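Here the structure is laid out as structure tokens; the discussion comes afterwards.
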């Protein structure tokens, strides 16, 4: 093989000329994936709840002028979903990739968990995620796009946890919807996959750690240390670890992969 040619090919952006829509992308994993998609040549419609683009997104907009656009939307509102798809497609054309990431975390002992917590978690993590996926898939079918959808699940969707029952259930639902949607979209050559992160060091972990400290009577920061040490690789992951998997699943390198949820968790779950 000509090494010069191989080197040139390896430098080609893997997502060139593609339009990616990313929800829950104001920071953490979502912003890291948006940055990776932009580096790989995609045009990115970046969606989050805040009226103004959060600081990580502002940085992306400055670094990739004309290639990234911010949309404020609440995925629990059907009208917002319709609007964000319309605005994104008007700006950058047909949507080729959906990174379906909007989600929230709450926890409580099973016997103390109330209906309000249940409704809040399922409204965002399940209802919002499903209808974003459904509406974007309808757009892809209408546009005859051989698209790729990546739904964000969690290692929590692979097993139950005593303090995290509702969150675990929402992420199990995402894994199931990923499988069903992949089968429904296979005739259209649209791939639907998921990613199940393990413990990833993002700003959300301050909230998670505080809740574990409350219910397990731990010093602040102790749960975070414990979960990192318990990972077979010995440390918490970083948002960039998820970004690599998200680029792969969106690219042609994954063209024969659908209905799968990829564990990116340092070896926590073996499936």
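Screening residue 180 with (1) surrounded by 14 or more Cβ atoms within 10 Å (Cβ to Cβ); (2) within 19 Å of the chain's Cα centre (by Cα); (3) under 30 Å from residue 113 (Cα atoms) gives one miss only, at (1). For the range 62-69, state whether one or more residues are assigned by TED's automatic domain parsing to the domain that holds residue 146 and under 22 Å from residue 131 (Cβ atoms). So far as the range 62-69 goes, yes, one or more of its residues are assigned by TED's automatic domain parsing to the domain that holds residue 146 and under 22 Å from residue 131 (Cβ atoms). When the criteria are applied in full, residue 202 meets the requirement of being at pLDDT below 95 and under 21 Å from residue 31 (Cα atoms). In the set (1) modelled with pLDDT under 95; (2) more than 25 Å from residue 270 (Cβ to Cβ), residue 208 fails one condition alone, (2).
Those residues that are touching a residue at least 24 places away in the same chain (Cβ under 8 Å), closer than 17 Å to residue 137 by Cα and surrounded by fewer than 21 Cβ atoms within 10 Å (Cβ to Cβ), I need them from the range 77-121; list them, please.
78, 82, 87, 89, 93, 94 - these are the residues of the range 77-121 that are touching a residue at least 24 places away in the same chain (Cβ under 8 Å), closer than 17 Å to residue 137 by Cα and surrounded by fewer than 21 Cβ atoms within 10 Å (Cβ to Cβ).
Each row is one residue, and each column tells you yes or no for (1) farther than 23 Å from residue 48 by Cβ; (2) modelled with pLDDT of 95 or more; (3) outside any loop (DSSP other than H, G, I, E, B).
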residue	(1), (2), (3)
128	no, yes, yes
134	no, yes, yes
138	no, yes, yes
146	yes, no, no
157	no, yes, yes
166	no, yes, yes
171	no, yes, yes
175	yes, yes, yes
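Of 247, 269, 231, all but one fail to be at pLDDT 95 or above, surrounded by 13 or more Cβ atoms within 10 Å (Cβ to Cβ) and not assigned by TED's automatic domain parsing to the domain that holds residue 158; the exception is 231.
The values are calculated or read from the model by the stated rules, or taken from the named source; none is laboratory data. Predicted model only: the values in this text are computed from it and were never measured. Positions of Cβ are generated from backbone atoms using ideal geometry, with glycine treated the same way; all protein chains shown enter the neighbour counts.
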